[in-house]
1. Could you please find all residues in the range 46-59 being touching a strand residue (DSSP E or B) at 6+ places or on another chain (Cβ under 6 Å) and over 16 Å from GLU97 (Cα atoms)?
2. Can you tell me which residue among LYS107, LYS113 is at pLDDT below 65, out of contact with any strand residue (DSSP E or B) (no Cβ under 8 Å at 6 or more places or on another chain) and within 30 Å of ARG44 (Cα to Cα)?
3. What number of residues within the range 39-88 are touching a residue at least 12 places away in the same chain (Cβ under 8 Å), within 22 Å of the chain's Cα centre (by Cα) and not in a strand (DSSP E or B)?
4. Would you pick out the residues in the range 1-37 that are assigned to a loop (DSSP other than H, G, I, E, B), of a type in the set (A, V, I, L, M) and closer than 12 Å to PHE103 by Cα?
5. Keeping to the range 6-16, report how many residues are out of contact with any Asp or Glu (no Cβ under 9 Å at 6 or more places or on another chain), over 17 Å from PRO35 (Cβ atoms) and surrounded by 10 or more Cβ atoms within 10 Å (Cβ to Cβ).
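The values are calculated or read from the model by the stated rules, or taken from the named source; none is laboratory data. None of the values given here were measured: they were computed from a predicted structure. Note: ideal-geometry Cβ built from the backbone for every residue, glycine included; neighbour counts use all protein chains shown.
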Amino acid sequence: MSDAATGKSTASEIEGARAQALIGRSLGEIIDGSPLGIAQSRLRITGGCDKNGIPMRADVHGGVKKYIVLSAGPGFRATRHGERRRKLVRGRTITDETFQINFTISKEAAPEKKEPLPAKPAVPEKPAPSKQPEKSRPKKPAKKGATKKR
């Protein structure tokens with residue numbers, strides 16, 4: 001889990017019933033952190049992989065392994081410009097074969113009371129400065145001597 005506000009990341013293991021709460025979720029989903037032991041926070045699922053290190057991709061449906069042609073993104077690092085290659089990736093749905101799941105944390109702030117701002121004295125607004133019209137530029141004369149001879 002990474003916290004973008006502080007720049008820190010933490011790792012924790014989840015087993016049993018708490019892990020079953022994640023099965024069937026997809027990449028990009030926002031879930032409540034309380035079943036995972038993170039009170040009053042929301043978690044966005046950003047990635048993951050299986051036990052063999054095959055990465056999950058958001059553009060592959062389901063939780064299956066599949067060979068797709070990649071040119072960028074998770075699961076591919078190009079060695080030369082414009083390279084494309086067929087790589088094995090896993091779909092976006094979390095299954096029981098998923099070994100690692102990456103989250104970002106976004107803490108929910110308690111609703112705060114906003115105090116009304118003190119009234120400001122009325123100040124007359126200044127008129128916007130008028131824009132001067134642009135002067136037209138003279139056109140360049142055509143080049144002489146550019147005629148073709150036959």
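1. THR46
2. Working: LYS107 fails: out of contact with any strand residue (DSSP E or B) (no Cβ under 8 Å at 6 or more places or on another chain).
None of the others qualify; the one that does is LYS113.
3. Of the residues in that region, 12 qualify.
4. Within the range 1-37, MET1, ALA4, ALA11, LEU22, LEU27 meet the criteria.
5. Looking only at that region, the number is 1.
Let's see how each residue does on (1) under 18 Å from SER2 (Cβ atoms); (2) surrounded by fewer than 17 Cβ atoms within 10 Å (Cβ to Cβ):
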| position | (1), (2) |
| --- | --- |
| SER34 | no, yes |
| ALA58 | yes, yes |
| HIS61 | no, yes |
| ARG84 | no, yes |
| ARG92 | no, no |
| ILE105 | yes, no |
